Amino acid sequence: MTRGWIALVAICSAAACRRPPQPGEPLRGLSAAERARFDSGKVVFDSAFTPEKGLGPLFNGRACASCHEDPVSGGVGEEVEHHATAFHPGGPGRACDELAALGGPVFQDSVTPLLRAALGIEKEPVPPQATAIAERTSPDIFGRGLLDAVPDSEILKYADPDDRNGDGISGRPNRFLDGRLGRFGRKAFVPTLREFNDGAFLAEIGITSPSVPDEGTVAGKPLPAGTDPAPDPELSAHSLELTDAFVRLLAPPAPLKQSSEAHRGSEIFAQVGCAGCHVPKLRTGDNPIPALRHQEVAAYSDLLLHDMGPELADICFGLATPNEFRTEPLMGLRLAKHFLHDGRAKTPEQAIQMHAGEGARARDLFDSLPPADRAALVAFLKTL
Amino acid sequence: MHRVTLLSLASLIAPLALAAQRPPTPPPAAQPTAPHDSVRGAIRAVDARARTLEVTTGVGYALRVVRLQVPASVPITDRKGGSQGAPIKLAELKPGDVIRAAFGGRATGFVAYTIERVGRMESTP
């Protein structure tokens with residue numbers, strides 16, 4: 001009897017080890033030290049800031065987990081925030097002005113009581129120079145460490161800016177302000193996960209750090225005296241590194257087991273051309289973290305910009321025109337409650353039908369499918 | 001008493017000797033202070049007549065604009081596309097050029113010490 005129990009426990013333990021990561025769990029194969037950093041980083045990620053601890057004076061959320069929360073820390077959020085830029089194609093300057101001198105591109109929707117008392121505002125005003133204001137939902141951030149570990153060369157091999165292969169798809173890379181390849185954010189503006197995380201502390205929570213040591217402005221004007229009493233930096237380099245470790249080591253949710261219908265849907269996904277932009281697999285390169293090194297990641301994205309047509313267009317960002325968006329990674333899609341960059345689509349079917357521009361051909365082919373095939377494709381998407 | 005006199009003499013001479021070892025300090029206004037910061041980013045605006053430059057830079061979505069005064073003596077070089085650093089004029093810099101600049105703070109604002117054009121913000125730089 002005892003021997004039987006031991007065998008049963010061993011089998012269950014082995015099964016648990018093989019169980020694919022669930023949302024919020026770390027990558028498999030971490031060292032004890034990496035796992036400890038992941039756990040400590042989650043504490044910072046979940047920590048809510050107060051004005052006394054540095055919150056604001058402008059902010060969108062009080063914690064990382066305020067917006068990345070469902071079903072667990074790192075997941076999606078209901079919040080919608082606002083970005084604004086100015087697009088002037090054909091002018092003497094850069095076509096896109098991220099309005100950095102006027103508080104942009106993120107215009108925060110909340111203020112601390114001290115800033116409200118000083119300026120009488122409820123949010124950061126968007127300056128009249130903005131040519132567009134965009135709504136942005138909070139995506140899940142599972143598996144983003146793997147996307148960070150994909151070499152530039154892997155992304156650039158899918159670029160076809162002049163559509164030389166004539167498939168109607170012409171992905172092109174975005175660039176950060178210093179010329180590096182961008183990949184994070186809905187417009188693929190930010191080159192690395194670390195920079196995205198470090199910048200988000202200031203842009204989203206109003207927290208200064210050694211990486212971003214100065215508070216921003218209120219629409220380009222300095223903060224009124226006394227509205228930011230916490231001494232800078234408001235977050236230590238150590239806490240910044242731990243938060244980065246948590247985000248970096250979050251595993252992508254493993255795709256669900258496919259039914260025969262979903263399996264057929266995966267084939268239709270490729271046949272109608274979705275995979276032209278939603279590239280099913282990218283490969284990571286060398287990396288100091290073994291769990292991120294030379295891994296296949298089911299990104300379903302090429303991380304490049306594509307013209308999605310005028311209906312979806314909103315802001316420019318870096319080299320991205322208002323029409324252009326980065327191919328949204330579909331890993332973890334089943335966790336999403338809203339779809340597309342601003343959540344305007346309530347179902348995956350609606351999202352497909354709102355594709356235009358370079359996505360128009362695949363959309364039209366989807367629309368022309370028999371109902372059973374359309375259902376199969378959607379069933380496949382719901383396994384991701 | 002003799003020991004006290006020697007110690008007193010040493011304490012008088014030591015600061016003088018130390019001061020003599022230091023290099024002479026030029027007047028603060030004339031000293032080009034050591035670069036206290038550097039920036040790498042995309043040029044937002046150039047005003048060759050006013051000799052000013054605006055550079056957009058930042059971390060992630062936390063962006064800022066650095067405004068620089070560019071005295072005529074500031075070396076501006078071109079390393080774009082692997083160039084060897086040929087001298088160029090301020091007026092040759094264009095919005096969208098990626099530059100690296102060393103600068104310091106003065107009472108009048110930030111002043112550039114060196115500027116290098118290292119590329120251009122393009123899909124294929």
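The values are calculated or read from the model by the stated rules, or taken from the named source; none is laboratory data. All values derive from a computational prediction rather than experimental measurement. Methodologically, a virtual Cβ is constructed for each residue, glycine included, from the backbone with ideal geometry; neighbour enumeration extends over all protein chains shown.
Numbers for the structure displayed
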{"quantity": "Filter result (at pLDDT below 60 and either part of a loop (DSSP other than H, G, I, E, B) or crowded, with 20+ Cβ neighbours inside 10 Å (or both)) within region A:1-60", "calculated": "A:Met1"}
{"quantity": "Residues satisfying the stated conditions in region A:316-357, i.e. touching a residue at least 24 places away in the same chain (Cβ under 8 Å), basic (Lys, Arg) and farther than 30 Å from A:Gly90 by Cβ", "calculated": "A:Arg334, A:Lys337"}
{"quantity": "Identity of the residue in region A:138-171, surrounded by fewer than 13 Cβ atoms within 10 Å (Cβ to Cβ) and modelled with pLDDT of 95 or more, that ends up nearest to A:Val279 (Cα to Cα)", "calculated": "A:Lys157"}
{"quantity": "Among the residues listed as A:Pro224, A:Pro252, the single one being within 30 Å of A:Phe45 (Cβ to Cβ) and assigned to a loop (DSSP other than H, G, I, E, B)", "calculated": "A:Pro252"}
{"quantity": "Residue match in region A:146-163 (condition: more than 22 Å from A:Ile289 (Cβ to Cβ), part of a helix (DSSP H, G or I) and over 13 Å from the mean Cα position of the chain (by Cα))", "calculated": "yes"}
{"quantity": "Subset tally (residues that are touching a strand residue (DSSP E or B) at 6+ places or on another chain (Cβ under 6 Å) and closer than 21 Å to B:Arg100 by Cα) for region A:192-216", "calculated": "4"}
{"quantity": "Matching residues in region A:331-359 - criterion: being of a type in the set (Lys, Arg) and either on the phi > 0 side of the Ramachandran plot or in a loop (DSSP other than H, G, I, E, B) (or both)", "calculated": "A:Lys337, A:Arg344, A:Lys346"}
{"quantity": "Residues of region A:85-111 satisfying the condition of being surrounded by 21 or more Cβ atoms within 10 Å (Cβ to Cβ) and within 19 Å of A:Ile205 (Cβ to Cβ)", "calculated": "A:Ala100, A:Gly103, A:Gly104, A:Pro105, A:Val106, A:Phe107, A:Gln108, A:Val111"}
{"quantity": "Tabulated pairs, region A:187-204, first free of Cβ contacts under 8 Å to residues at least 24 places away in the same chain, second of a type in the set (A, V, I, L, M) and in a loop (DSSP other than H, G, I, E, B), C-beta under 7 angstrom, 6+ apart or interchain", "calculated": "A:Gly199/A:Val212; A:Leu202/A:Val212"}
{"quantity": "A:Glu324 being within 14 Å of chain B (Cβ to nearest Cβ) and under 27 Å from A:Leu369 (Cα atoms)", "calculated": "yes"}
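Condition check ((1) in contact with a Cys (Cβ under 6 Å, 6 or more places away or on another chain); (2) over 23 Å from A:His83 (Cβ atoms); (3) surrounded by fewer than 18 Cβ atoms within 10 Å (Cβ to Cβ)) across all residues:
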residue	(1), (2), (3)
A:Leu282	no, yes, no
A:Leu292	no, yes, no
A:Cys316	yes, no, no
A:Ala336	no, no, no
